[in-house]
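Working notes, structure below.
The values are calculated or read from the model by the stated rules, or taken from the named source; none is laboratory data. Predicted, not measured: the structure shown is a model, and the values here were computed from it. No Cβ is skipped: glycine too gets one built from the backbone with ideal geometry, and neighbour counts run over all protein chains shown.
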Amino acid sequence: MERKEIWRHFDYWLFGVVIVLSTFGVAMIRSAIAGNQVLAGIVQRQMIFIAAGLVVILITAAIDYHYWLSLSNLMYAGAIIFLLGIFVIGSVAFGSARWIETDFFDIQPSEIAKIIMIIHLAAYFYRNQDAERNLLWIIKGFAITFFLVVWILLQPNLSTSLVIMILWFSMMWVSGLPLKYLAYMAIVGLIGLGIIVALLATGNDIPFIEPYQIQRVTNFLKPDMDARHGDDYNVMQALITIGSGGWFGMGYGHGTQVQLRFLKVRHTDFIFSAMAEEFGFVGTVLVVSLLVFVVFRCFRIASQASDMFGALIAYGFGFLIFFQMAVNIGVNLRIIPVTGLTLPFISYGGSSLLSLSLGIGLVQSVAMRRKPLEF
């Protein structure tokens with residue numbers, strides 16, 4: 001297929017929505033940090049990340065996604081080495097060593113590890129597409145995933161670890177997981193949950209789980225309504241912020257909870273609440289609809305991919321966007337315990353935005369090498 005013909009299949013709807021979401025994210029970050037001189041420079045940095053992300057999308061889209069199939073093992077090994085580097089030169093923040101500091105910006109290896117894991121799992125299931133869907137097939141996929149996840153758990157970073165495990169399960173399910181094994185895994189999960197509860201009840205430590213992570217679950221189950229700091233305070237302020245937005249919001253830059261700084265980490269984890277206060281229920285529905293559109297577009301591209309490898313890449317990235325979006329909104333609404341997952345394309349974060357751009361580029365590469373979509 002000629003190069004001009006390939007670019008005719010580029011999904012401009014997906015590309016355009018990503019630009020709209022990222023641009024809106026910059027506007028929300030600007031409003032969320034208004035008056036904070038310490039964070040004043042992050043708006044400009046986010047704009048630079050967006051520009052770099054667009055370049056990443058176009059370059060990645062131009063590269064045939066089949067090229068990554070031959071490099072999947074090397075990328076997987078590189079991701080593990082990168083994650084190990086955190087324990088040597090990583091910086092600690094909020095009790096975790098997750099970032100590698102540079103003179104320009106901090107790098108969070110676990111973000112790029114998500115995309116690499118999508119590629120590597122897609123390669124594994126593609127190479128074993130004719131294999132029997134038995135227990136060995138499941139265990140091999142789990143082993144591949146957990147060997148990378150364990151280094152993220154040790155940072156500790158439970159939320160990202162769960163995201164990658166969800167990716168493994170989702171891509172395995174798309175690849176043809178028999179229902180009987182789904183039932184077996186549910187039983188194993190219930191047994192594991194029972195063991196965790198028993199360990200908590202007896203005061204024993206849980207492997208890979210830090211005390212502050214357990215405290216987040218405890219705070220979720222038994223919140224302190226009068227808390228003046230910590231996770232309880234953040235969540236309660238998030239609920240107040242969302243409620244104050246009403247149907248149509250207080251207007252851009254006029255949210256009292258945001259501008260008076262009652263809402264904390266409002267440019268990252270709780271930017272959804274800031275958005276709800278300024279644009280109300282209607283505004284948040286529109287933004288969430290755009291995120292759902294990105295997921296829909298990924299799944300649609302996957303359904304029309306030329307092979308299983310491309311389909312799994314697009315499905316995997318779609319699952320990543322959906323799960324991360326759902327968890328972030330769930331935390332803001334106090335449906336689930338607090339995690340460190342941000343809202344895709346909206347929250348501040350260079351590593352996150354660039355890794356998401358890489359994922360969009362991979363999906364575009366799949367789209368460009370199959371029959372064109374009809375909207």
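Values as computed for the structure displayed
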quantity: Selected residue [touching a helix residue (DSSP H, G or I) at 6+ places or on another chain (Cβ under 8 Å), surrounded by fewer than 14 Cβ atoms within 10 Å (Cβ to Cβ) and under 15 Å from I360 (Cα atoms)] from I50, I59; calculated: I59
quantity: Extreme residue, farthest from Q37 (Cα to Cα), among residues of the stretch 268-290 that are touching a Ser or Thr at 6+ places or on another chain (Cβ under 7 Å) and not in a helix (DSSP H, G or I); calculated: D269
quantity: Of all residues making up the stretch 235-263, the number that are in a helix (DSSP H, G or I) and buried (at least 21 other Cβ atoms within 10 Å of the Cβ); calculated: 7
quantity: Matching residues, the stretch 264-290, being surrounded by fewer than 24 Cβ atoms within 10 Å (Cβ to Cβ) and not β-branched (V, I, T); calculated: K264, D269, F279, G280, F281, G283, L286, S289, L290
quantity: Residues of the stretch 245-279 satisfying the condition of being of a type in the set (S, T, N, Q) and either touching an Asp or Glu at 6+ places or on another chain (Cβ under 7 Å) or at pLDDT below 90 (or both); calculated: T256, Q257, Q259, T268
quantity: Subset tally (residues that are in a helix (DSSP H, G or I), aliphatic (A, V, I, L, M) and closer than 10 Å to G253 by Cα) for the stretch 29-46; calculated: 1
quantity: Residues of the stretch 68-85 classified as in contact with a Ser or Thr (Cβ under 9 Å, 6 or more places away or on another chain) and over 17 Å from P109 (Cα atoms), total; calculated: 1
quantity: Which numbered condition V282 fails, given (1) touching a helix residue (DSSP H, G or I) at 6+ places or on another chain (Cβ under 9 Å); (2) at pLDDT 90 or above; (3) not small (G, A, S); calculated: (1)
quantity: So F220, is it farther than 13 Å from M28 by Cβ, modelled with pLDDT under 85 and not in a loop (DSSP other than H, G, I, E, B); calculated: yes
quantity: Those residues of the stretch 1-58 which are of a type in the set (S, T, N, Q) and in contact with a Gly (Cβ under 9 Å, 6 or more places away or on another chain), in sequence order; calculated: S22, S31, Q46
quantity: Residue tally, condition in a loop (DSSP other than H, G, I, E, B) and at pLDDT 75 or above, over the stretch 67-110; calculated: 1
quantity: Residue count for the stretch 120-138, restricted to those that are touching a residue at least 60 places away in the same chain (Cβ under 8 Å) and within 14 Å of S170 (Cα to Cα); calculated: 3
quantity: Close pairs from the stretch 170-184: first under 8 Å from F125 (Cβ atoms), partner assigned to a helix (DSSP H, G or I) and of a type in the set (V, I, T), Cβ under 9 Å, at least 6 apart; calculated: M171/I118; M172/I138
quantity: Per-region count, the stretch 306-346, residues under 20 Å from L177 (Cα atoms) and surrounded by fewer than 21 Cβ atoms within 10 Å (Cβ to Cβ); calculated: 3
quantity: Selection within the stretch 126-151 - within 18 Å of P178 (Cα to Cα) and either hydroxyl-bearing (S, T, Y) or surrounded by 24 or more Cβ atoms within 10 Å (Cβ to Cβ) (or both); calculated: Y126
